[in-house]
Amino acid sequence: DDVTLINAGIATARAVKEYLSENELLNDSGTIGKSEFYVSDKPDSFRRIASVLLDDSIDEGKVEQVNISSL
């Protein structure tokens, strides 16, 4: 009875929305932005898994592999 469960996804989304709002970064225009993904692992593996999780296909050109040690 004394335990409070917190959905980390919802809590994170609220925190991000608050941050964007406070810094006037919310997209109020109604236009949809674009997605680009930078990964340190295999881009094809990411595209396959992300397509399932996001329920949308991800074009090959939107995923770029980066070398973390060079950043």
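The values are calculated or read from the model by the stated rules, or taken from the named source; none is laboratory data. All of these numbers come straight from a predicted model, not from anything done at the bench. All Cβ positions, even for glycine, are placed from backbone atoms using ideal geometry, and neighbour counts span all protein chains on display. Surface areas here come from the heavy atoms of the whole protein model, side chains and all, with no ligands, DNA or RNA. Shrake-Rupley method; radii C 1.70, N 1.55, O 1.52, S 1.80 Å.
Placing one equal scatterer on every Cα of the chain and applying the Debye formula, the log10 ratio I(q)/I(0) at q = 0.12, 0.18, 0.26 Å⁻¹ is -0.56, -0.99, -1.07.
Round to the nearest 10 and give me the degree value, 0 to 90, for the angle of helix 43-54's Cα axis relative to the longest principal axis of the chain. Between the helix axis and the principal axis of the chain, the angle is about 40 degrees.
In whole percent, how big is the carbon plus sulfur part of the accessible area of the chain, probe 1.4 Å, protein atoms only? Ligands and nucleic acids excluded, carbon and sulfur give 51 percent. Close amide H contacts of V39 (hydrogens built in the peptide plane, cut-off under 5 Å, sequence separation of 5 or more or a different chain): E64, Q65, V66. A 1.4 Å probe run over the chain, with the rest of the protein chains in place, finds 94 Å² accessible per residue. Using the Cβ-Cβ distance between D28 and V52 with R0 = 22 Å, the FRET efficiency computed as 1/(1 + (r/R0)^6) comes to roughly 0.10.
For the chain, applying the loop criterion from DSSP together with a ceiling of 12 other beta carbons within 10 Å to the GluC sites (Glu not before Pro) yields E24, E36. Against the chain, whose longest principal axis comes from its Cα atoms, helix 8-22 is set at around 90 degrees.
Averaging the sequence gap over all C-alpha pairs within less than 8 Å and six or more residues apart, then dividing by the number of residues, gives the chain a relative contact order of 28 percent. Straight-line cross-link partners of K42 among the lysines, defined as a Cα under 27 Å from its Cα and at least 8 positions apart when in the same chain: K34, K62.
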